[in-house]
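What follows is a set of notes on a single structure, which appears directly below.
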Amino acid sequence: MLGRDLTSILDLSTEELAHVLDVSLGMKRDGAGPMLAGKTLALVFEKPSLRTRVSFEMAMRRLGGGAIALPPHEIQMGDREPVRDVARVLSRMVHGIAARTYAHETILELVEHASIPVVNALSEDEHPCQALADLLTLRERFGDLRGVRWTYVGDGNNVARSLAYASVKAGLHLTIATPPDFALLDADLETAGALDGGGTVTQTTDAHAAVREAAVVYTDVWASMGHEHELEGRKEHFQPYQLNGALMASAPADALVMHDLPAHRGEEISDEVIESDRSIVFDQAENRMHAQQALLALILAETTPGA
Ligand code: CP
Ligand code: NVA
């Protein structure tokens, strides 16, 4: 069984992470019964979403349960009422909360005041459900994850941090290539390096060297949600890190391409690369649903509102 909440990939032990992936593969292959019949997940959004909303809703539906999506204007969390009251009200009526927030502290505040499980559906610090789906996608491609080399090129952001933690736990070797001022913090790398699982994370500013041995090259947007106003100023720093034909020419000929989406063609990735037959971005998108279905089955099975 898993712990109550998933705020970070760090909330999963190495064994639990492997178990979520095993259950995801099994449910994707064989389906799952109505394990969450009568259960409801509240989806709290401070930011827009396509994949996260639809994948959580479909995951609950496929398990016989339901979901209530609450877009930003609906709750106005922290404005119309305090975060702690949102947590306490939802805890009386539904069985779990998945929340997409600006500050990571908002996720932690929901956890503190909720009596039901809280899942991080993206915060400024992490995107753990994306990392689960991405590892599931790699499991399908490579079988055993241990020893697989992959490279993340771009912003040292929430996605990069979750991939770093997940890589070490799953035995993958991740190289992160970022512009000099946009790297993950040393503290993040130290945290990742101290995890068990046998994987490694190294960071560099040399994108071409970073992809040289990569079985997979991954990128994400140059300016995350909430930072769009920084995009123009960032472009000159990030241009050498664009995932395009020239960068892929430095990677092995059979290297795959990943992106968590939404993609900004002509910015972090070229149209040619995302549309190429090396691109597995829609496998990743679909796997959000399968990975979250397993996660929800594992953490919501025993929950009761108001407990
Ligand atoms: N990858 C991802 O989280 O997509 P959305 O922002 O559309 O949910
Ligand atoms: N890093 C991006 C991921 C979007 C799914 C963001 O936070 O906007």
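The values are calculated or read from the model by the stated rules, or taken from the named source; none is laboratory data. This structure is a prediction, so every number in the text was calculated from the model and none was measured. Using ideal geometry, Cβ is built from the backbone for each residue, glycine included, and neighbour counts are taken over all protein chains shown. In case anyone asks, the SASA skips ligands and DNA or RNA and just uses the protein heavy atoms, side chains included. Shrake-Rupley method; radii C 1.70, N 1.55, O 1.52, S 1.80 Å.
Couple of notes before you dig in:
- Spatial separation of Cα centroids for segment 131-146 and segment 195-216, in angstrom: 16 Å
- Rolling a 1.4 Å probe across the protein heavy atoms gives segment 223-298 an accessible surface of 42 Å² per residue.
- Rounded to the nearest 10 degrees, the inclination of helix 51-62 to the longest alpha-carbon principal axis of the chain is 50 degrees.
- Prolate/oblate/rounded label for the chain (Cα gyration tensor, a/c 1.5): prolate
- For the residues GLY66, GLY226, GLY199, a GNM of the chain with alpha-carbon springs under 10 Å puts the largest fluctuation on GLY226.
- Against the chain, whose longest principal axis comes from its Cα atoms, helix 128-142 is set at around 60 degrees.
- Within a Gaussian network of the chain (alpha carbon springs, distance under 10 Å), most fluctuating of ILE97, ILE116, ILE274: ILE274
- Karplus-derived 3J(HN,Hα), 6.51/-1.76/1.60, for each residue of segment 234-244, Hz, glycine and proline x: 7, 3, 5, 6, 8, 3, x, 9, 4, 7, 10
- For segment 147-161, Karplus couplings with θ = phi - 60° (6.51, -1.76, 1.60), whole Hz, Gly/Pro x: x, 6, 9, 9, 9, 9, 10, x, 7, x, 10, 4, 5, 4, 5
- Less than 5 angstrom separates the built amide H of TYR218 from those of THR151, TYR152, VAL153, MET258, all sequence-distant by 5 or more or on a different chain.
- Here the simple spin-label model places points 7 Å from the Cα toward Cβ, and for ARG84 and PHE142 these points are separated by 4.5 nm.
- When the square roots of the Cα gyration tensor eigenvalues are ordered a ≥ b ≥ c, the ratio a/c for segment 111-260 is 1.5 or more and a/b does not exceed b/c, which makes its shape oblate.
- Length added when fully stretched, ASP22-LEU2, from 0.36 nm per residue minus Cα-Cα: 5.8 nm
- When the convex hull of its Cα atoms is projected in every direction, mean area for segment 52-150 (nm²): 7.8 nm²
- Using C-alpha pairs under 8 Å with a sequence gap of at least 6, the mean separation divided by the residue count of the chain gives a relative contact order of 22 percent.
- Put simply, the amide H of THR202, placed in the peptide plane, has neighbours under 5 Å in LEU174, THR175, ILE176, leaving out anything fewer than 5 places away on its chain.
- Our note on the geometry: Cα centres of segment 43-64 and segment 231-290, 24 Å apart.
- Under 5 Å between amide hydrogens, built in the peptide plane, is the criterion, and for PHE45 it picks out LEU70, ARG100 among residues at least 5 positions away or on other chains.
- Helical runs assigned H by DSSP (4 residues or longer) give the chain a calculated mean residue ellipticity at 222 nm of -12500 deg cm²/dmol, each run adding -39500 (n - 2.57) before division by the residue total.
- Angle of helix 104-113 to the longest C-alpha principal axis of the chain, folded into 0 to 90 degrees and rounded to 10: 20°.
- Cα gyration tensor, segment 174-267 - rounded (a/c under 1.5), prolate or oblate: oblate
- Converting phi to 3J(HN,Hα) with the Karplus coefficients 6.51, -1.76 and 1.60 and the offset θ = phi - 60°, segment 32-46 yields 9, x, x, 5, 10, 4, x, 9, 10, 10, 8, 10, 9, 10, 9 Hz in sequence order, with x at every glycine or proline.
- Bridgeable aspartates and glutamates around LYS28 (alpha carbons under 19 Å apart, same-chain partners fewer than 8 residues away excluded): GLU16, GLU57, ASP134, GLU140, ASP144, ASP283, GLU286.
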